[in-house]
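Structure first, commentary second.
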Amino acid sequence: MAAGLIGALATRAAAHAPLVKLLGGVTVVHASANWGMSIGAARLIAFLALHPGAHDRHYIAGTLWPDTPESRAAGNLRSALWRLNALPVSLVDADRCWVSLQSHVLVDVRLLSDWAARVISGDRTSDDFTHTAWDVACVDLLPGWPDDWLVLERERIRQRLLHGLECMARELIRLGRSAEAVEVALVAVNADVLRESAQRILIQAHLAEGNRSEAQRCYLEHRELIARELGVTPSDRLTALVAPADIGARRSPTDRRGRFRPSRTGQGPGPRRSRG
């Protein structure tokens, strides 16, 4: 996980505010304590965390329990609210019509999404690159949840974080922190092994470290993978990164000991001086 970064971002935003964590399971963190919750309460808090503002109770009930009769869905919502209100920390405002997450409550996904937006736009702060340890689990929001209301938001956040990781790795290369850039780029690659932009940053990070063999290995593995899975070849932009030392394709016609190897036409590199 990106626990170090999330903790730093939460402290900077509001040190004593409760934090709703959606990555790695729905939990609430406050005053060094952690609380889990029932699946109904977790689905409600996740919906409110991902959809800021107040929402009509009937709309929430119908969205979270779409295949349930209206009266039963309303009962499920009341039960979820009761369980949330039983927590030692206040998270939700609710009346007869509306339900919302309290404005002071922080959400890990929002913090990371805002962080990625700063990194992508170039408006990062001095603290945004202090914590570079990430895990691929941070990129996928609530995996296994099949809810329709979550699908688009999950993909939006996934793309935002992947772009943020790529920009972070690129900036780390520029700062001379190539080893960290490799680790960050690997998270993006592992999140989507077919994503060429992530592979490109990883190869650039290896080249920045002087590890040309690692760069070539990554390129060849990616080329083989996309040929098998997609039936395509790497872009010229990616190939150009490794082309000068590539795969023997542009190697001068010499044998392994560096001596000239005649071409099939039998012609040498130039006219030979006659003997005698």
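The values are calculated or read from the model by the stated rules, or taken from the named source; none is laboratory data. All figures in this text were calculated on a predicted structure; none of them were measured in a lab. Here the Cβ is made from the backbone with ideal geometry for all residues, glycine too, and neighbour counts use every protein chain on show.
Go through the residues of the stretch 143-150 one by one and say whether even a single one is touching a residue at least 24 places away in the same chain (Cβ under 8 Å) and within 22 Å of Arg118 (Cβ to Cβ).
no
In the list Leu162, Leu152, Leu202, which residue meets the criterion of being in a helix (DSSP H, G or I) and under 10 Å from the mean Cα position of the chain (by Cα)? Show your work before the answer.
Numbers: Leu152 fails: under 10 Å from the mean Cα position of the chain (by Cα); Leu202 fails: under 10 Å from the mean Cα position of the chain (by Cα).
Exactly one of Leu162, Leu152, Leu202 is in a helix (DSSP H, G or I) and under 10 Å from the mean Cα position of the chain (by Cα), namely Leu162.
Matching residues to (1) in a helix (DSSP H, G or I); (2) among the small types (Gly, Ala, Ser); (3) modelled with pLDDT of 95 or more:
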position	(1), (2), (3)
Leu77	yes, no, yes
Leu87	no, no, no
Asp123	no, no, no
Ala133	no, yes, no
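Which one is nearest to Arg43 (Cα to Cα) among residues in the stretch 112-142 that are of a type in the set (Ser, Thr, Tyr) and in contact (Cβ under 8 Å) with a residue 12 or more places away in the chain?
If we filter the stretch 112-142 for residues that are of a type in the set (Ser, Thr, Tyr), which is where we start, we get 113, 121, 125-126, 130, 132.
Right, trim to in contact (Cβ under 8 Å) with a residue 12 or more places away in the chain and you get 113, 130, 132.
Numbers: Ser113: 20, Thr130: 32, Thr132: 30 Å.
The extreme case among them is Ser113.
Could you tell me which numbered condition Gly36 fails, if it satisfies all but one of (1) in contact (Cβ under 8 Å) with a residue 24 or more places away in the chain; (2) surrounded by fewer than 20 Cβ atoms within 10 Å (Cβ to Cβ)?
(1) is the only condition that Gly36 fails.
Mind counting the residues in the stretch 9-48 that are part of a helix (DSSP H, G or I) and of a type in the set (Val, Ile, Thr)? Please lay out each step first, then the result.
As a first pass, look at the stretch 9-48 and keep what is part of a helix (DSSP H, G or I): 9-14, 39-48.
Of the ones still in play, those that are also of a type in the set (Val, Ile, Thr) are 11, 39, 45.
Residues that pass the stated criteria total 3.
Is it the case that some residue within the stretch 101-110 is of a type in the set (Val, Ile, Thr) and exposed (fewer than 13 other Cβ atoms within 10 Å of the Cβ)? Talk me through it step by step, then tell me what you get.
Just the residues of the stretch 101-110 that are of a type in the set (Val, Ile, Thr), to begin with: 105, 107, 109.
Now restrict to residues that are exposed (fewer than 13 other Cβ atoms within 10 Å of the Cβ): none.
No, the stretch 101-110 contains no residue that is of a type in the set (Val, Ile, Thr) and exposed (fewer than 13 other Cβ atoms within 10 Å of the Cβ).
Going through the stretch 118-167 one residue at a time, which ones are more than 18 Å from Ala10 (Cα to Cα) and among the hydroxyl-bearing types (Ser, Thr, Tyr)?
Passing the criteria: only Ser121.
Somewhere in the stretch 175-195, is a residue buried (at least 19 other Cβ atoms within 10 Å of the Cβ), part of a helix (DSSP H, G or I), of a type in the set (D, E, K, R) and touching a residue at least 40 places away in the same chain (Cβ under 8 Å)?
no
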